[in-house]
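To start, the structure under review is shown below, and the notes come after it.
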Amino acid sequence: MFNIIVCKNYDEVSEQAFKLMKDIMRKEKPVLGLATGSSPVGLYKLMIQDHKENGTSYQNALTFNLDEYVGLKHTDEQSYYYFMHENLFDGIDCPEENIHVPDGSTNDPEKAAADYETELAKHTVDLQVLGIGSDGHIAFNEPGTPLDSVTHVTDLKEQTISDNARFFGGDKSKVPTKAITQGLASIMRARKIVLIATGANKADAVYGMIKGEVTTDCPASILQRHDDVTVVLDEAAAKRL
Ligand SMILES: N[C@@H]1[C@@H](O)[C@H](O)[C@@H](COP(=O)(O)O)O[C@@H]1O
């Protein structure tokens, strides 16, 4: 079931998502599911600000990221490990050993994916933050991914490679072609989900997720089967609803 919130601008979108995060942070040992991409960056800024100004502590929080490119080292500025440290972890007090990001730097990504799923399955994510790809993907679950998938290695689709080329100086050839990603079933285990989408290029994917049928053609449509999903949109992303 979706709770849909349409906001005037990105700042308001981030504030709405932050309210849900703040609520979860009242728990003694919160388990946070985190995402990369530009959509959650405003939320992460608010989390850092709240940590600095109000002392909200992440000492007892566990975090699990959704996905990681295969073939990039942790020190690579485009790796999701690096992105998360730059945009969130360096600004809060979450102990490094509590932070989980799939290890895309290994030469056995299949094993890294299986190990990640094993660790993830020991916990229940209290709040999963999600963005959505313009082709309806969540994490790196591209169209065609089975709805019962768990953490696995995947080939990125052409659309995702061109969408993400902007982070690689606009050069598509620099974007990795494979990633480790939580599966759709892994994501569905979260107690609560907040999906953030802004901009007109997300409008079709948002429409498919909410109004379309549940189909592997639009992986995000599986969220229709979850009972606690808040979708925070700007007007452009909501324009087809
Ligand atoms: N793997 C990530 C997704 O988790 C993210 O949701 C999507 C949208 O990114 P953005 O928020 O930058 O539009 O991009 C990437 O493909």
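The values are calculated or read from the model by the stated rules, or taken from the named source; none is laboratory data. The structure displayed is predicted, hence computed values, not measured ones. Glycine gets a Cβ as well: all are built from the backbone with ideal geometry, and neighbour counts include every protein chain shown. Remember, those area values only see protein heavy atoms, side chains included, never the ligands or the DNA or RNA. Shrake-Rupley method; radii C 1.70, N 1.55, O 1.52, S 1.80 Å.
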(request) Search segment 123-145 for residues that are farther than 19 Å from Leu32 by Cβ and pair each with any residue that is among the β-branched types (Val, Ile, Thr) and assigned to a loop (DSSP other than H, G, I, E, B) when their beta-carbon atoms are under 6 Å apart and the residues are at least 6 apart or on different chains. (result) Gly144/Thr216
(message) I want to confirm something. Restricting to segment 104-158 and keeping residues that are within 16 Å of the ligand (Cβ to nearest atom) and more than 18 Å from the chain's Cα centre (by Cα), which single residue is nearest to Thr181 (Cα to Cα)?
(response) Pro109
(message) Against the condition of a type outside the set (A, V, I, L, M, F, W, C), within 15 Å of the ligand (Cβ to nearest atom) and touching a residue at least 12 places away in the same chain (Cβ under 8 Å), how does Asp93 come out, does it pass?
(response) no
(message) Quick check on my filter: what residues within segment 168-205 are in a helix (DSSP H, G or I) and under 16 Å from the mean Cα position of the chain (by Cα)?
(response) Leu184, Ala185, Ser186, Ile187, Met188, Lys202, Ala205
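Among Val175, Val232, which is within 25 Å of Asp126 (Cβ to Cβ), modelled with pLDDT of 95 or more, open to solvent by less than 60 Å² (accessible area, probe 1.4 Å) and not charged (D, E, K, R)?
Val232
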(request) Filter segment 1-15 for residues that are under 16 Å from the mean Cα position of the chain (by Cα) and not aliphatic (A, V, I, L, M) and give the result. (result) Ser14
(request) Among the residues of segment 6-21, count how many are out of contact with any helix residue (DSSP H, G or I) (no Cβ under 8 Å at 6 or more places or on another chain) and not hydrophobic (A, V, I, L, M, F, W, C). (result) 5
(message) Taking the conditions exactly as written (open to solvent by less than 20 Å² (accessible area, probe 1.4 Å), among the hydrophobic types (A, V, I, L, M, F, W, C) and in contact with a helix residue (DSSP H, G or I) (Cβ under 6 Å, 6 or more places away or on another chain)), does Leu66 satisfy them or not?
(response) no
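Is segment 23-33 home to any residue that is open to solvent by less than 40 Å² (accessible area, probe 1.4 Å) and of a type outside the set (A, V, I, L, M)?
Looking for residues that are open to solvent by less than 40 Å² (accessible area, probe 1.4 Å) and of a type outside the set (A, V, I, L, M), one finds at least one in segment 23-33, hence yes.
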(message) On the basis of being open to solvent by 20 Å² or more (accessible area, probe 1.4 Å), over 14 Å from Val194 (Cβ atoms) and not charged (D, E, K, R), does Asn3 make the cut?
(response) no
(request) Please specify each residue of segment 122-164 satisfying the condition of being surrounded by fewer than 18 Cβ atoms within 10 Å (Cβ to Cβ), touching an Asp or Glu at 6+ places or on another chain (Cβ under 6 Å) and not in a loop (DSSP other than H, G, I, E, B). (result) Gln159
